[in-house]
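Written out below as structure tokens is the structure these notes cover.
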Amino acid sequence: MSTLYSAATVIGIAIPRKDLMKTIKKRGCGHEARLAKHCSECGKPMWVEEETPSPEYEGFITVDEKFCGLDAIAEGYDPEDLILYVGIIYEVEQGSVVFNQAPNIEEIKAKIEKALAPKGLWNIDRFGIYTVCCIS
Ligand SMILES: [Zn+2]
């Protein structure tokens, strides 16, 4: 199998991985919780922090390639550096993107804001037009 590279143009926002994860606190062992840093019975930490995908991101990973109902594409070799581009994707293999009509940026912006703002993921400073390298 060969590696295929293509480029996609995304009108939307870039969301770094850290914003797609949440930290949860869970018990470090199965013994009774007490007000101590470590368990007096087994010595393990009473509480440990664990990074887990937010519900939206987990759905994206396991269900399909839509993120909150929008097109989405992930970029990054190292999962820690992953950036998720969310919005409207125009994908091309060669040449340039051909639009039948000019995209309505304000309309696209409003659509993305409506989908992401309730999740706390909307950030106007991250809105733009991105070129993303896709590897398949
Ligand atoms: Zn214990």
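Structural remarks
- Between residue 88 and residue 123, full extension at 0.36 nm per residue minus the direct alpha carbon distance yields a gain of 11.0 nm.
- The coefficient of translational diffusion for region 12-58, derived via Stokes-Einstein from the alpha carbon Kirkwood radius under 25 °C and 0.890 mPa s, stands at 195 µm²/s.
- Here the convex hull built on the C-alpha positions of the chain has a volume of 163 cubic angstrom per residue.
- For the chain, lysine pairs with C-alpha atoms less than 23 angstrom apart, excluding pairs fewer than eight positions apart on the same chain, total 21.
- Here's how it looks for residue 7: its modeled amide H is under 5 Å from those of 92, 134, which are all 5 or more places away or on a different chain.
- Under 5 Å, built H, 5+ apart or other chain: amide partners of residue 31: none
- Residue 104-residue 3 FRET efficiency (beta carbon distance; Förster radius 41 Å; 0.05 resolution): 0.70
- The chain - mean residue ellipticity at 222 nm from DSSP helices (-39,500 (n - 2.57) per run, n ≥ 4, rounded to 500): -4500 deg cm²/dmol
- Computed packing ranks the peptides 118-124, 30-36 as 118-124, 30-36, most packed first, by mean other Cβ atoms within 10 Å.
Just so you know, all these numbers are worked out from the coordinates, no wet-lab data involved. Because the structure is a prediction, the values reported are computed rather than measured. When we count neighbours, we look across all protein chains shown, and the Cβ atoms used for this are built from the backbone with ideal geometry, even at glycine.
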